[in-house]
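Written out below as structure tokens is the structure these notes cover.
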Amino acid sequence: MASTETTTPSAAGTPGDDPAGPPDGASTGGASTGASTDRGGAAAPEAAGGPAAGREPRPAGGDLAGLEAGLDALDATVVARQPWLRTTLSKLFPPVIAIVIVLALWQLAYHFQVKPHYLLPSPLDVFRSLQQKWFEGTLLGFVWTSVSRGALGFVASVVLGTVLGLIVARIKPVRAAIGPILSGLQSLPSVAWVPAAIIWFGLSDATIYAVVLLGAVPSIANGLVSGVDQISPLYLRAGRTIGATGLAGVRHVLLPAALPGYLAGLKQGWAFSWRSLMAAELIVSAPDLGTGLGQMLEQGRELQDMSWVLSAILLILIVGIGIELLIFAPIERRVLRSRGLLVKN
Amino acid sequence: MTTSTLTKPAAADAGTTGPHAARIHHVSKSFGRPGARQQVLDDISIDVAPGEFVCLLGASGCGKSTLLNLVAGLDEPSDGTIETPGGRPALMFQEHALFPWLTAGRNIELALRLRGVPRAERRPEAERLLELVRLKGAYGKRVHELSGGMRQRVAMARALAQDSQLLLMDEPFAALDAITRDVLHDELTRIWQETNLSVLFVTHNVREAVRLAERVVLLSSRPGRVAREWQVDIPQPRRIEDAAVADLSIEITEQLRGEIRRHGQH
């Protein structure tokens with residue numbers, strides 16, 4: 001019955017490949033199959049020449065490795081790398097043009113006195129105001145005070161938000177209890193906390209940090225929760241079959257799988273920290289507190305110095321955008337690209 | 001003819017004793033609340049011998065994936081027992097299910113790590129497994145940089161990294177193009193012959209079942225029962241185009257269609 005088929009050359013032992021791997025006798029139909037496999041591995045030309053006399057040859061089966069290499073090569077995608085300088089320039093060009101246009105419109109509005117000059121200073125006036133503060137040596141101090149407060153508040157928010165997010169994402173009753181409140185808190189402007197915080201902590205750093213935390217923690221926790229929710233059940237199932245259960249499952253599957261959502265939450269968390277910080281600094285100012293950008297803005301308002309006010313707004317914007325561009329954007333891009341989630345156009 | 005088909009009554013296997021890679025013993029599975037229960041599997045008994053390649057074949061609703069989940073230990077049977085003496089079986093899905101945050105090599109190393117392989121041995125072992133599936137240069141590649149066929153081969157290497165004696169495969173090639181699937185059939189046969197693996201392979205593709213298996217088990221649908229079994233004596237390496245494969249496929253397909261027709265007669 002089977003004897004006619006077993007003499008055909010074998011695909012199992014590929015020529016050129018490891019010849020020491022004949023199949024176990026138990027796993028195949030009969031011993032004759034094993035023998036022909038062995039021959040295919042040891043002396044390919046002989047094996048190919050022998051049966052060719054009587055039976056039809058099977059060319060493809062004999063070189064599975066080569067066939068597979070060909071398939072892989074055909075499927076491989078070739079990604080052409082763009083020159084570094086050109087990509088950077090082409091990315092920089094549009095926003096620079098946009099900024100130039102805004103400045104031009106501003107200058108025109110100033111020129112035609114849409115508002116009196118003391119209400120609408122020119123871009124140059126604002127620049128001079130910044131320059132003056134720079135030469136006074138106070139400007140960097142303002143920026144540093146705010147940035148260090150923002151950074152410290154953000155780091156504390158990350159710690160609290162991550163723990164809170166993990167608990168809410170993984171423990172069902174907790175989620176049912178505080179999940180909706182947590183996402184609802186995101187729509188509460190953090191400036192609303194300022195009066196409460198002043199009553200609790202007075203005009204102190206504690207008030208500023210309390211407002212920052214209340215603003216940033218919910219969005220970081222929510223980011224992690226939605227990151228966990230978006231994990232494909234397939235990964236969890238695959239993780240369980242290879243033995244990633246319990247803490248190992250959290251560490252090796254859950255957290256890395258949730259990373260894109262978590263990062264988005266961190267980014268939003270930073271934006272919320274920075275906004276909350278400015279709201280707090282605007283209202284909470286005391287001589288012994290140190291002057292941040294928010295306080296600088298408020299001083300400008302008290303002096304009715306519009307150039308001062310505009311330069312403070314500009315600085316707040318620049319710091320916010322700068323940290324997003326220099327810290328969060330590269331990290332996010334790297335994570336997404338490594339997972340093939342970043343589509344290049 | 002090169003094939004000899006052998007029909008056994010479904011319960012015959014249940015009585016046999018001796019070594020086995022997996023023993024599914026009078027297993028039933030129902031889902032849903034009491035009162036509105038839906039029976040998915042009904043008194044299934046299948047033994048997989050060490051080194052044996054068994055294909056589970058059936059139309060939609062035969063509960064083949066449910067059965068694999070039970071054997072994999074991802075779910076509990078409502079009735080009956082499942083033994084897998086070789087430890088937790090490895091499982092391959094229709095989707096590659098590789099982790100996109102790790103490289104191909106690291107995916108395999110994670111399975112090794114969770115198995116308790118010491119750090120120093122992981123890398124060489126992962127390289128060896130990649131070589132076994134003929135993806136020598138893919139260690140540092142990200143999952144999205146690999147083609148569908150390559151991903152399934154890495155998934156196979158990851159499954160092999162569990163060093164389980166039983167490999168469960170849930171329609172692993174269903175999403176691949178015909179050319180790649182054909183090559184992976186050859187590849188799976190080769191790997192199965194080189195290792196001493198027992199395979200329980202679920203598919204709805206009759207030809208695929210006959211191409212690969214030593215034994216084909218046909219399940220009826222709603223609820224899933226063992227309808228019939230065939231011993232496939234066509235010698236490996238087979239080709240999906242072989243006349244013997246075609247002949248047996250026709251016979252099995254007829255039976256399968258008969259099972260399906262019964263559901264239209266209400």
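Any read-out appearing in this document is the output of simple, stated calculations on the displayed coordinates, not a laboratory observation. A quick note: this is a predicted structure, and the numbers were derived from the prediction, not measured. FYI the Cβ positions are ideal-geometry reconstructions off the backbone, even for glycines, and counts take in every protein chain you see.
Things worth noting here:
- At R0 = 30 Å, FRET efficiency that the Cβ-Cβ distance of A:R334 and B:A120 yields, to 0.05: 0.55
- Listed from fewest to most Cβ neighbours within 10 Å, the set B:K29, A:K172, A:K133, B:K64 follows the order A:K172, A:K133, B:K29, B:K64.
- Sequence of A:E302, B:E125 once ranked by neighbouring C-beta atoms within 10 Å, starting from the fewest: A:E302, B:E125
- Cα-centred dipole magnitude for the protein assembly as shown, charges only on beta-carbon of K, R (+1) and D, E (-1), debye, nearest 20: 1560 debye
- Computed from the Cβ-Cβ distance with R0 of 51 Å, the FRET efficiency linking A:L152 to A:S90 stands at 0.85.
- Debye equation applied to the C-alpha atoms of segment A:286-345, log10 I(q)/I(0) at 0.23 Å⁻¹: -0.90
- Mean shadow area of segment B:72-225, taken as a quarter of the surface of its Cα convex hull (nm²): 10.0 nm²
- Size descriptors for chain B (Cα atoms only): Rg and Dmax, in that order, 18.7, 63 Å.
- Length available on full extension from B:H204 to B:Q38: 0.36 nm per residue minus the Cα-Cα distance, which gives 57.6 nm.
- Most positive-pole-ward Cα, B:F93, B:A49, B:L188, against dipole of chain B from beta carbon charges: B:F93
- In this simple spin-label approximation, A:Y118 and A:I313 carry label points 7 Å from Cα along the Cα→Cβ vector, and these lie 1.9 nm apart.
- Farthest towards the positive end of the charge dipole of segment A:250-324, among the residues A:A271, A:S285, A:A312, is the Cα of A:A271, using unit charges on the Cβ of Lys, Arg, Asp and Glu.
- Per residue, the convex hull volume that the Cα atoms of the protein assembly as shown enclose (Å³): 229 Å³
- With contacts taken as Cα pairs under 8 Å and at least 6 residues apart, segment A:198-291 reaches a relative contact order of 47 percent.
- Label-point gap, in nm, between A:A248 and A:I101 - each point 7 angstrom along Cα→Cβ: 5.7 nm
- Calculated FRET value between B:T253 and B:E127, using beta carbons and R₀ = 35 Å, to 0.05: 0.25
- Look at B:V54, B:V117, A:V211 and count the other Cβ atoms within 10 Å of each Cβ; fewest to most, that gives B:V117, B:V54, A:V211.
- Taking the centroid of alpha carbons for each part, segment B:231-266 and segment A:184-205 are 72 Å apart.
- Near B:A227, the amide H atoms lying under 5 Å from its own belong to B:L218, B:L219, B:S220; only residues 5 or more places off or on other chains count, and H is placed 1.01 Å from N.
- Mean Cβ count within 10 Å, highest first, over the residues of peptides A:121-127, A:252-258: A:252-258, A:121-127
- Shape descriptor for segment A:258-312: Rg over Rh equals 1.19 (Cα atoms; Rh from the Kirkwood inverse mean 1/r).
- Pairwise Lys count, the protein assembly as shown - Cα closer than 29 Å, eight or more residues apart or different chains: 13
- Distance between modelled label sites at A:I327 and A:A206, nm, 7 Å Cα→Cβ extension: 2.6 nm
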